[in-house]
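Structure first, then comments.
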Amino acid sequence: MDQHQTPVYDALIRYGRDQAYSFHVPGHKDGLVFPEKALLSFQSILALDATEVADLDDLYHPEGVLREAEQLLTNYYGSRMSCFLVNGSTVGNLIMVLAACAPGDVVLVQRNSHKSVFNALKLADVRPVFLAPSVDTRSGLATGIEPQTFSEALRRFPDAKALILTYPSYYGVAPCTVRRLIVQAHEAGMNVLVDEAHGPHFRMGAPVPPSSLDMGADLVVHSAHKMLPAMTMGAYLHVNSTRISIEKVKMVREMLQSSSPSYPIMASLDLARAFMATMDSEFFADVLNRRDAFVEALKSMNLLTVLEADPEHFLVDPFKIVLQPETRVSGFELQSRFIQLGLYPEMADPRHILLTLGLSDSINYQNAVRKIEKALAHQMPGQSEVRTLITEFPPITMLADSYRHFKNLASSWSALDQAVGAIAAEPVVPYPPGIPIVLGGERITERSLELIHFWQRAGATFQNEGIHQGKIKVYQSREQSA
C-alpha cells in the first residue's frame, strides 16, 4: 500500500472546501460560533472538527476513508487488524482486557503496570496475580519479569488465561525477556496483552527496540501521541493473532469509546502513521546523530548519569533520556529548576528526570544543554537520601480477596501509620508515572508505608485526596459494613 496516503486528513480538507452551510453538529459550525478571545487560536482546528456526514465515514462501521486509513495502519504494523482509538491508550488497555478475559479468569499481570490496567482488571472482574519485575541495581528502575518468576507463577496458577505486560516502561526500558515470556505464555495456552503505549515507533529499527508485535503478542496498544506527531488522546490498537476475536475487540471498542469520535484526533493518527511509514533513512540517521550529540554533552557535565542499555537484560529507547543527578538533589528538585528556566521535562521521580525527545532533526539541543548546565550550577557531587531505597516488591502477590467481594464492602479513612494489616480501598498512585505503589484490594504492609513516606519526602504528588493529610481509605469488614 502507498503509505504516503492520508485519507482522513484529505477528506476533511475536501469537506472544508465543499461545505457552504453546516446544518449539523458540532455547534461551533466549523468555527463560526466561538468565543472571540479564543477564535484565533482555535479556528484552524475547528474547521477540521467535523462529524459523521457526507464522505467522512463512521469509525464503528467504516466503509470509506476511515476504513482505508485503518487498512494503511494495519499494513504498516503488519497486524491482523489495527484501529484508531480516540480515548488514549487508557481505553486500549480496557478493551484488551475486556475482550480477552472472562469474569473469574486468573490473569498474570506485571506489577508495575499503568493504573488503567488495574482499572481494566476490576471492570473485567478477573482474578489478578501480580508478578514483580526485576530492578536494575545501577538506576533503581524496574526492568522486566524474569522467566523464572513467570515459570513459578505458571506452576502455581496453571489455569491462568492471560499474561499482561508493560513494554517498554514509561522510562523507555525495554526488557530482553519479553520474547521468551510470550513464547512461554503461548505454550501454556495463554493470551498475551501488551501495553506498548510508549513504543508506537518501535518498528523504526535499531537502535530503537523491537515491537512486541514482531514478538507475537496477541493484542497490543500504542499511545501514538506519546512519541509520534499525533494529537493527545490519539492511540492505536492492534489485533495480532487469531487467538482473540476481531469482532469481540470491535464490539468492546464501540462500547467504551465516544460515539462521536474526534476527527482532528483521527486525522492526526492518519498523518502520524504516514510520517512514520515514509521516514527515510537519511532523516532517521540525522535525528539519531543529533540525539547522540545531546547525550554526550549531558554526560560531559559529570553531574548527571544518563541511563544506558544493558544488552543482556534490557534495551533503552534512544528517544527517552533518563537523567540521574549525581548530586545531593532529588529528581523533583532538579525538575523544578529546569521549569524555572523554561525547560519542561516529561516527568521526575525521587531519583530521576525523564526527557522525551521528538523525532525531529531541528530541535535546538545546544540551548537545552546550556539551560541544564545552569540548573546544575553550584551543585557539588554527592549522594542524596533518595539513592538508598530499593523499590522491589515480592515476586508473586495477589489481592486480599476478589473484586466482587470488595464491591459489597464499605470503606473508611485510616491514619496511614495505623493502616498496617488493613486492606486498601484505593490505589496509592504517585503521578506521573501513574504506577500504583499500593493497589486497591491489597493488604497494607510496613513496606507499603515505607514506600509512601519515601515518595512523600521526595516531593511526589499523589492522586489520592487523603495521602497528603496522612490518611488512606481502607475496607471495613462485612460486620462493619453492615
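Annotation: amide H of G441 within the under-5 Å range of A424, A425, E426, sequence separation 5 or more or interchain, hydrogens built in the peptide plane.
Sorted largest first by accessible area at a 1.4 angstrom probe radius, with every protein chain in place, the residues H225, H4, H28 fall in the order H4, H225, H28.
If packing is taken as the mean number of other Cβ atoms within 10 Å per residue, what is the order of 330-340, 35-45, highest first? Could the numbers behind the result be given before it?
On the way: 330-340: 19.5, 35-45: 10.5.
The packing order, highest mean first, is 330-340, 35-45.
What does the convex hull of the alpha-carbon atoms of the stretch 405-482 project to on average, in nm²? Walk me through the intermediate numbers first.
On the way: hull surface 19.6 nm².
That works out to 4.9 nm².
So, for the chain, what is the accessible surface per residue at a probe of 1.4 Å, expressed in square angstrom? Walk me through the intermediate numbers first.
Values: 21210 Å² over 482 residues.
Spelled out: the 1.4 Å probe surface of the chain, per residue, equals 44 Å².
Size estimate for the stretch 129-185 follows the Kirkwood approach: the inverse of mean 1/r over distinct Cα pairs works out to 12.0 Å. What label, among (1) 0.95; (2) 1.02; (3) 1.09, belongs to Cα Rg over 2.2 N^0.38 Å computed from the structure on display? Among (1) 0.95; (2) 1.02; (3) 1.09, the one derived from this structure is (2).
The portion of the accessible surface of the stretch 296-336 made up by carbon and sulfur, rounded to a whole percent, is 45 (1.4 Å probe; DNA, RNA and ligands excluded). Each residue of the stretch 346-362 was assigned a 3J(HN,Hα) from its phi angle through the Karplus expression (A = 6.51, B = -1.76, C = 1.60, θ = phi - 60°), giving 5, 5, 9, 9, x, 10, 9, 10, 10, 10, 9, 8, x, 7, 9, 9, 10 Hz with x at Gly and Pro.
Only helices reaching 24 angstrom along their own axis (Cα) with mean Kyte-Doolittle hydropathy no lower than -1.0 count here, and for the DSSP H runs of the chain these are 281-299.
Kirkwood Rh and Cα-based Rg: tell me the resulting Rg over Rh for the stretch 220-287, rounded to two decimals.
On the way: Rg = 14.5 Å, Rh = 13.8 Å.
Using Cα coordinates only, the ratio equals 1.06.
Given 0.36 nm per residue, what is the gain on full extension from T445 to K371 after removing their alpha carbon distance, in nm?
Using 0.36 nm per residue and subtracting the Cα-Cα distance, I get 22.4 nm.
As an exercise, use a Förster radius of 22 Å and the Cβ-Cβ distance of E312 and D292 to find the FRET efficiency, rounded to the nearest 0.05. Could you put the intermediate results ahead of the total?
Values: r = 22 Å, r/R0 = 1.01.
So, using R0 = 22 Å, E works out to roughly 0.50.
Between the stretch 1-76 and the stretch 399-421, the alpha-carbon centres lie 47 Å apart.
How much of the pair distance distribution for the stretch 1-61 lies past 18 Å, counting alpha-carbon pairs only, in percent? Present the calculation step by step, with values, prior to reporting the outcome.
Values: 750 of 1830 pairs.
Summing the P(r) of the stretch 1-61 above 18 Å gives 41 percent of all pairs.
Can you sort E247, E373 by solvent-accessible area, 1.4 Å probe, largest first?
Values: E247 120, E373 95 Å².
My answer, sorted largest first, is E247, E373.
Within a straight-line Cα-Cα reach of under 22 Å, K250 can be paired with the following lysines, leaving aside sequence neighbours fewer than 8 residues apart in one chain: K122, K161. Only aspartates and glutamates eight or more places from K226 in sequence, or on another chain, were considered; those with a Cα closer than 12 Å are E196, E346. Residues whose amide H lies under 5 Å from that of V316, counting only those 5 or more places away or on a different chain, are A174, A309; hydrogens are built 1.01 Å from N in the peptide plane.
Between H453 and R138, residue separation times 0.36 nm minus the direct Cα-Cα distance comes to 111.2 nm.
Segment I45..T356, full-extension length gain: 109.4 nm, with 0.36 nm per residue of separation and the alpha-carbon distance subtracted. In terms of Cα atoms, the Rg and Dmax of the stretch 198-324 work out to 17.6, 55 Å. What the Cβ-Cβ distance of E282 and V420 gives, at R0 = 60 Å and to the nearest 0.05, is a FRET efficiency of 0.50. For the stretch 1-128, the carbon plus sulfur part of the accessible surface works out to 55%, probe radius 1.4 Å.
Global dimensions of the stretch 143-243 from alpha-carbon coordinates: Rg and Dmax equal 13.8, 44 Å. Of the three principal axes defined by the Cα atoms of the stretch 1-128, the extents in descending order read 56, 40, 24 Å.
Which percent of the accessible area of the stretch 154-279 is formed by carbon and sulfur heavy atoms (probe 1.4 angstrom)? Accessible surface attributable to carbon and sulfur in the stretch 154-279 totals 53 percent. Of the Cα atoms belonging to the stretch 336-465, the radius of gyration and Dmax stand at 19.3, 58 Å.
Pairwise Cα distances in the stretch 261-370 exceed 18 Å in 59 percent of cases.
In this structure Y77 has an accessible area near 10 Å², from a 1.4 Å probe over the protein heavy atoms. For E146, the residues whose modelled amide H falls within less than 5 Å of its own, excluding neighbours fewer than 5 places apart on the same chain, are S134.
The values are calculated or read from the model by the stated rules, or taken from the named source; none is laboratory data. No experiment lies behind these values; they were computed from the predicted model shown. Ideal geometry is used to build each Cβ from the backbone, glycine not excepted, and the neighbour counts take in all protein chains shown. We work out accessible area using only protein heavy atoms, side chains counted, and drop any ligands, DNA or RNA first. Shrake-Rupley method; radii C 1.70, N 1.55, O 1.52, S 1.80 Å.
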